[in-house]
Structure formats: structure tokens, C-alpha cells
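Since every read-out is calculated from the coordinates, none of them should be taken as a lab result. This structure is a prediction, so every number in the text was calculated from the model and none was measured. Using ideal geometry, Cβ is built from the backbone for each residue, glycine included, and neighbour counts are taken over all protein chains shown.
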Amino acid sequence: MIVVTCARCSRRIEVHDSQAGQSVTCPQCGNVNVAPAAGGDAPQSVPPAPTPPAPSAPPADQDVKLWCLACHLSALSGFIGVPFGWVVGPLIVWLIKGKEIPAVQEHGKDALNFQISMTIYGIVAGLLIFAFIGFLLLPAVAITDLVLTIIAGLKAYNGERYQYPLTIRFLK
């Protein structure tokens, strides 16, 4: 395998050795890069061919990253007192930009699935307070939610998709 680093967005692209010296298109930003020969120099970027302006041009790479970040971090609104903000925040971002930006569609589904799962785990932990186990589980659920949400937001901003652990897939 050859690893090509996109000259525009710095995403790592793995290509088969048979593609050495050939053009490789970045799946994130669409930039065309040249895969180096096996054991060769760093990849060279080939400028993309000029295209006529489209009536609705796709959003800039930075905008995509920020909307994907918002999908995850909007869930933190629940920690500052917004009722059900951990579910409502990602849902709003997903509904606003999901159809326009495909990456937001995927990140929104991931964030919603995770937040709905954590809500169920929180309810179960809350009920287990009566069995004296919930006093330990409820803070653990909250801390897990907080930490994994921040990790997912950082990964999304770096252009990566994060698979939340412990997630029930409600939205496919």
C-alpha cells in the first residue's frame, strides 16, 4: 500500500501499489494528487482542471468541517441546561445541513444514534439508583457521553469519521 497525503486538505489516502505514479482523487476535497512510485518521493499535487461555476457550488472544505463539528458538539448543549439538548442539538444541525452536505448527513446520524443510546443508558442508570448501583453508573454515563462527544467532534474537524462505541444504530 502507498499512502498519499492530499496537498489541499492533508487527508491520508491509501492506494494500492499498482497505482504508483497515477492520479489519485481525494474523496474529501476532490483535489487530484499523484501517488509516488513505491519508495519514491512525496506526492505531487496536480492542479484541478478549471470548471465552470455551478449554480449552487458545494460548500468550502472549512465549512464542511465546521458543520460536521457542530453535529457532534451541539450535543453539549444538554450539559448547559437546554432540555434534551444532547439530542435536539445534533438533530437541528442534521436537519439544517444534512441534505446539502453529505458528510453532515453521516456525522448527524452517528451523533444522533449515540446521543439516543446514551439517553437510554442514562434512564436505565437513573432507575438503578433504587438498587444503589445507579449512583455510580449515572456519573459514568455522563462522563462517557462528554468525553466521546468531544473526541468525535475533534475527529470530525480533522475530516475523519468517528465510530462511537456503545451505540445502538437507530438511524441507518
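A few notes on this one:
- In the set (1) out of contact with any Phe, Trp or Tyr (no Cβ under 8 Å at 6 or more places or on another chain); (2) closer than 11 Å to residue 114 by Cα; (3) buried (at least 17 other Cβ atoms within 10 Å of the Cβ), residue 148 fails one condition alone, (1).
- Test: residue 153 is under 30 Å from residue 5 (Cα atoms), in contact (Cβ under 8 Å) with a residue 60 or more places away in the chain and surrounded by 13 or more Cβ atoms within 10 Å (Cβ to Cβ): yes
- Number of the exception - residue 159 against (1) outside any helix (DSSP H, G or I); (2) free of Cβ contacts under 8 Å to residues at least 40 places away in the same chain: (2)
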